[in-house]
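Submitted below is the structure of interest, expressed as structure tokens.
The values are calculated or read from the model by the stated rules, or taken from the named source; none is laboratory data. As the structure is a prediction and not an experimental result, all values here were calculated from the model. Cβ placement follows ideal geometry from the backbone for every residue including glycine, while neighbour counts extend to all protein chains displayed.
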Amino acid sequence: MSKSKTKTVPDNPSIATGAVNESTNARINALREEIRRHERLYYAFDDPAISDAEFDTLMRELIELETTNPSLITPDSPSQRVGGTVSESLAPVQHNRNAPMLSLDNAMNVEELLRFHERVVKNLERDEILYTAEPKIDGLSVSLIYENGRFVRGATRGDGITGEDVTANLKTIGSIPLKVEAPAGMERFEVRGEVFIPRERFEDINDERERNGEKLFANPRNCAAGSLRHLDPKITASRGLDIFVYALVVTNEDGGRLTTPLADGHHSAMQLLQLLGFRTGEKRFYGDIFTLTSEVYMLGEERDSLGYDIDGMVIKVDSYRDQEELGATTKFPRWAIAFKYPPVQGAAMIKDIILQVGRTGAITPVALFDPVAVAGSMVARATLHNEDEIKRKDIRIGDTVFIEKAGDVIPKVVKVVESKRTGAETVFVMPTQCPSCGATLSRPEGEVVTRCESHDCPAQIREKIRHFVSRGAMDIEFVGPAVIDQLLESRLIVDVSDLYRLEKESLLNLDRMAEKSAQNIIDAIERSKTQGLARLLFALGIRHVGSRAGSILASKYRSIDCLVSTGVDELESIHEIGPTVANSVTEFFGRQSNIDLIERLRGAGVNMGDESGKGASSKQILEGKRFVLTGTLSSMTRPEATSKIEALGGRVTSAVTKKTDYLVEGADPGSKSKKAKELGVTILTETGLSELLQADEG
Ligand code: IVH
């Protein structure tokens, strides 16, 4: 609703016509009330009562009536979100002298959080303290002033004393109510909150900027900042900003702080603000420090699945009386602390750019730098994707860059920090020879990928073996990258089929190889023989054949021999198999060396059929079903759940849509659950998923 709403509100109507009759006035007022009620339900309670289209119809009627009766337009009408004109600069605004917008002290770990608690206990001389914990949204803080129920002025934090007037821009944010039913005693109040841009919107905006050749925003925070401080409110409106509010300050006319009997602490103030129509955020916890510490930890695990960036949790002593007693230093309140999560972005200087050779010969340039902490782990290399990406982002050796890691994705270089350029940086030139085998690299017309075409390139062979043994493929435990390197170096293996000829005695000759490890390796290799055709097809590393294509082909042909003799046209006629996969498969089986490899695997006892194996495609009971995963699963990781679903013919997608068949809900599910309920999507618990997956084995 937020998106369509900001888009459907047109410019200020300005044609003055006609006399006003009473019933028009009444209808306008009724429409405004109705629209406000729906805004409140949608934004503050996340519980819409009508569809976007119905909402738009109400809004359109209001705008039409206001256009014909302009004298009835009021600044707090819900139609007035995109008003105002482009300004030349943002006017300075003094924040309340009695309540400057302070910053927060940080706790980097649990010990520091507990030390904060000990200080609070000492100061209050009481050890039962109740706290509220809520996400620390990575956006920009703003102050919203309400007088007699009307939003009259909004400002950025600035230096905490003086900010900038961004009222017109803030009005474009649907979740900021323009008019509220303020209770007695709240004739004047200020609400503070964090303006942010949801991740999905951020991705869309950057995609569009990329298409238009415009400069990309480095992260959602920068995008939100640029949008909120834009001089043209229409641009702000188009960006789809949002807000979570986190503080209420009630004042008298001189700015003196007042208390309201309706809220004696932060938790009740947030409930009151929600009732008034403000968006207070979905993850708020209330309790003693020990309960909150575990909530804080758990949310840290889940932060990737939230639709917005958070950089920590803010823990606040809840009671206003306690807050006042604790007071503040010049910089921070003594009653609150920010528990910081590790940053998702790091900055580092590129020391070198090297080439990595993939299992299909694809060459990936990789940036090397001194280790930096990104999303909780240290990284020292990040992919640069390909030659064109390096040119497009103008990444040079010696540049300081932002590095990002989302979820379990490999780190990537997001952007160059241009202000750090000294002129001593070197432009990267793509080498012409493979760093592993020395073969001449090629880059066909119209393709972005540079390749090593050699079939006996050691780097490709090593990557092929790593892929063959990996979890989603033949899943050979205990044969990790280090063991593979040892096996290759000692020439115990040359390709994957040699794994099946390994003997324990020869393994024992390897460095640091004990009896037990050798036996584990032999057993794991033996077990992998019965993985089945789907996994084998994926494991062979045929270009463009992922685990899903492997499953489809296996369930169709049921034995590798049938597949080997199939032509491109027939392959292409299979649902979901396109020309790229079809060509790649026939090309693979057309090469004698691959047929020889398959024969060696068969000779070693590897199962080449479908039915007898416990392989991925034994039955396609989830054929065509779409799954979305949300929350934390306890019995398996997300990649595991995904591969199990895919093995049975299902698909896992990231967003809930009308086409989704099942939403699998783990602990602390996110907003996807709500969406699924709205759309009537079947919701499965983790146990439900396990039962569905096991139905195959019964
Ligand atoms: S309370 C006096 N609560 O963090 C306490 N701040 O480092 C003021 N922030 O300037 C802040 N989420 O921009 C508070 N739930 C939250 C917050 C939050 C984000 C930001 C805010 C503040 C900065 C302090």
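Just give me the residues in the range 585-595 being touching a Ser or Thr at 6+ places or on another chain (Cβ under 9 Å) and either more than 14 Å from L563 (Cβ to Cβ) or outside any helix (DSSP H, G or I) (or both), in sequence order.
none
Based on this model, can you work out whether G213 counts as exposed (fewer than 15 other Cβ atoms within 10 Å of the Cβ) and on the phi > 0 side of the Ramachandran plot?
yes
Shifting gears a bit: Would you confirm whether or not the range 358-380 contains a residue that is away from the ligand (no atom under 16 Å from the Cβ), surrounded by fewer than 17 Cβ atoms within 10 Å (Cβ to Cβ), modelled with pLDDT under 95 and of a type in the set (D, E)?
Yes, the range 358-380 contains at least one residue that is away from the ligand (no atom under 16 Å from the Cβ), surrounded by fewer than 17 Cβ atoms within 10 Å (Cβ to Cβ), modelled with pLDDT under 95 and of a type in the set (D, E).
Further question on the same structure: For the range 26-40, name all the residues that are within 37 Å of the chain's Cα centre (by Cα) and of a type in the set (D, E, K, R).
Within the range 26-40, R32, E33, E34, R36, R37, E39, R40 qualify.
Does G300 satisfy the condition of being free of Cβ contacts under 8 Å to residues at least 60 places away in the same chain and more than 13 Å from the ligand (Cβ to nearest atom)?
Considered against the rule, which asks whether it is free of Cβ contacts under 8 Å to residues at least 60 places away in the same chain and more than 13 Å from the ligand (Cβ to nearest atom), G300 comes out as yes.
Every residue, every condition in (1) of a type outside the set (G, A, S); (2) within 15 Å of the ligand (Cβ to nearest atom), yes or no:
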site	(1), (2)
E147	yes, no
E164	yes, yes
A168	no, no
P177	yes, no
V191	yes, yes
R199	yes, no
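Kindly indicate the residue of the range 307-323 that is within 14 Å of L102 (Cβ to Cβ) and of a type outside the set (A, V, I, L, M, F, W, C) and also farthest from the ligand (Cβ to nearest atom) among those meeting that condition.
Among residues in the range 307-323 that are within 14 Å of L102 (Cβ to Cβ) and of a type outside the set (A, V, I, L, M, F, W, C), the one farthest from the ligand (Cβ to nearest atom) is Q323.
Next up: Is it true that A107 is under 30 Å from E66 (Cβ atoms) and in contact with a helix residue (DSSP H, G or I) (Cβ under 9 Å, 6 or more places away or on another chain)?
Against the criterion (under 30 Å from E66 (Cβ atoms) and in contact with a helix residue (DSSP H, G or I) (Cβ under 9 Å, 6 or more places away or on another chain)), A107 does not qualify.
Same structure, new question: Take residues that are over 25 Å from G438 (Cα atoms), under 38 Å from the mean Cα position of the chain (by Cα) and of a type outside the set (K, R) and tell me which of the helices (runs of 4 or more DSSP H) falling wholly in the range 451-548 contain 3 or more.
The helices (runs of 4 or more DSSP H) meeting that bar are 515-528, 533-539.
Starting from the range 484-495, keep only residues that are without any contact (Cβ under 8 Å) to a residue 40 or more places away in the chain, then list their pairs with residues that are among the aromatic types (F, W, Y) and surrounded by fewer than 17 Cβ atoms within 10 Å (Cβ to Cβ) whose Cβ atoms are within a distance under 6 Å, requiring at least 6 positions of separation or different chains.
none
Somewhere in the range 273-294, is a residue hydrophobic (A, V, I, L, M, F, W, C) and in a loop (DSSP other than H, G, I, E, B)?
yes
When you look at K283, is it crowded, with 17+ Cβ neighbours inside 10 Å, within 12 Å of the ligand (Cβ to nearest atom) and over 18 Å from H117 (Cβ atoms), yes or no?
yes
Another question, if that's okay. From (1) hydrophobic (A, V, I, L, M, F, W, C); (2) farther than 17 Å from V195 by Cα; (3) modelled with pLDDT of 95 or more, pick out the condition that doesn't hold for F151.
(2)
If R543 passes every condition in (1) crowded, with 20+ Cβ neighbours inside 10 Å; (2) touching a helix residue (DSSP H, G or I) at 6+ places or on another chain (Cβ under 6 Å) but one, which one does it miss?
The number of the failed condition is (1).
Looking at L306, L275 in this structure, which one is in contact with a Lys or Arg (Cβ under 9 Å, 6 or more places away or on another chain) and more than 18 Å from Y341 (Cα to Cα)?
Testing whether each residue is in contact with a Lys or Arg (Cβ under 9 Å, 6 or more places away or on another chain) and more than 18 Å from Y341 (Cα to Cα) leaves just L275.
Mind telling me which of the residues D394, D399 ends up being out of contact with any Gly (no Cβ under 8 Å at 6 or more places or on another chain) and buried (at least 16 other Cβ atoms within 10 Å of the Cβ)?
Among D394, D399, only D399 is out of contact with any Gly (no Cβ under 8 Å at 6 or more places or on another chain) and buried (at least 16 other Cβ atoms within 10 Å of the Cβ).
I'm checking my understanding of the structure. Among residues of the range 507-521 that are exposed (fewer than 14 other Cβ atoms within 10 Å of the Cβ) and not polar (S, T, N, Q), which one is farthest from S490 (Cα to Cα)?
Checking each candidate, the answer is K516.
Confirm whether S470 is small (G, A, S) and at pLDDT 95 or above.
Considered against the rule, which asks whether it is small (G, A, S) and at pLDDT 95 or above, S470 comes out as no.
If you don't mind, there's one more thing I want to ask. Count, please, the residues in the range 100-143 that happen to be over 30 Å from S227 (Cβ atoms) and small (G, A, S).
Qualifying residue count, the range 100-143: 1.
Still on this model: Looking only at the range 335-351, which residues are touching a Lys or Arg at 6+ places or on another chain (Cβ under 7 Å), within 11 Å of the ligand (Cβ to nearest atom) and either over 30 Å from V379 (Cβ atoms) or at pLDDT below 95 (or both)?
W335, A336
Across the range 425-453, what is the total count of residues that are free of Cβ contacts under 8 Å to residues at least 40 places away in the same chain and under 30 Å from A375 (Cα atoms)?
Residues in the range 425-453 being free of Cβ contacts under 8 Å to residues at least 40 places away in the same chain and under 30 Å from A375 (Cα atoms): 3 in total.
For a quick check of your reading of the model, give me the residue pairs whose first member lies in the range 322-336 and is closer than 14 Å to G160 by Cα, whose second is small (G, A, S) and near the ligand (Cβ under 10 Å from one of its atoms), with beta-carbon atoms closer than 7 Å and at least 6 apart or on different chains.
K331/S103; F332/S103
Let me ask you something else. Quick check on this structure: which one of M101, M108 is within 16 Å of the ligand (Cβ to nearest atom), in contact (Cβ under 8 Å) with a residue 60 or more places away in the chain, among the aliphatic types (A, V, I, L, M) and surrounded by fewer than 16 Cβ atoms within 10 Å (Cβ to Cβ)?
Result of the check over M101, M108: M108.
Results for (1) farther than 30 Å from A554 by Cα; (2) aliphatic (A, V, I, L, M), shown as yes or no for each residue.
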residue: L629; (1), (2): no, yes
residue: I645; (1), (2): no, yes
residue: R651; (1), (2): no, no
residue: Y662; (1), (2): no, no
residue: S673; (1), (2): yes, no
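Could you give every pair whose Cβ atoms fall below 6 Å, whose first residue belongs to the range 169-185 and is hydrophobic (A, V, I, L, M, F, W, C), and whose second residue is surrounded by fewer than 22 Cβ atoms within 10 Å (Cβ to Cβ) and assigned to a loop (DSSP other than H, G, I, E, B), counting only separations of at least 6 or pairs across chains?
L178/D76; V180/G149; A182/G149
Looking at the range 650-698 only, could you name the residues that are more than 30 Å from V296 (Cβ to Cβ), in contact (Cβ under 8 Å) with a residue 60 or more places away in the chain and of a type in the set (K, R)?
R651
Could you go through the range 52-74 and let me know if any residue there is in contact (Cβ under 8 Å) with a residue 60 or more places away in the chain and either within 16 Å of the ligand (Cβ to nearest atom) or not in a helix (DSSP H, G or I) (or both).
yes
Among the strands (runs of 3 or more DSSP E) contained in the range 93-212, which hold 1 or more residues that are within 24 Å of the chain's Cα centre (by Cα)?
Answer list for the range 93-212: 131-137, 140-147, 188-196.
Do we find a residue being loosely packed, with under 13 Cβ neighbours inside 10 Å, within 16 Å of the ligand (Cβ to nearest atom) and in a loop (DSSP other than H, G, I, E, B) anywhere in the range 85-92?
no
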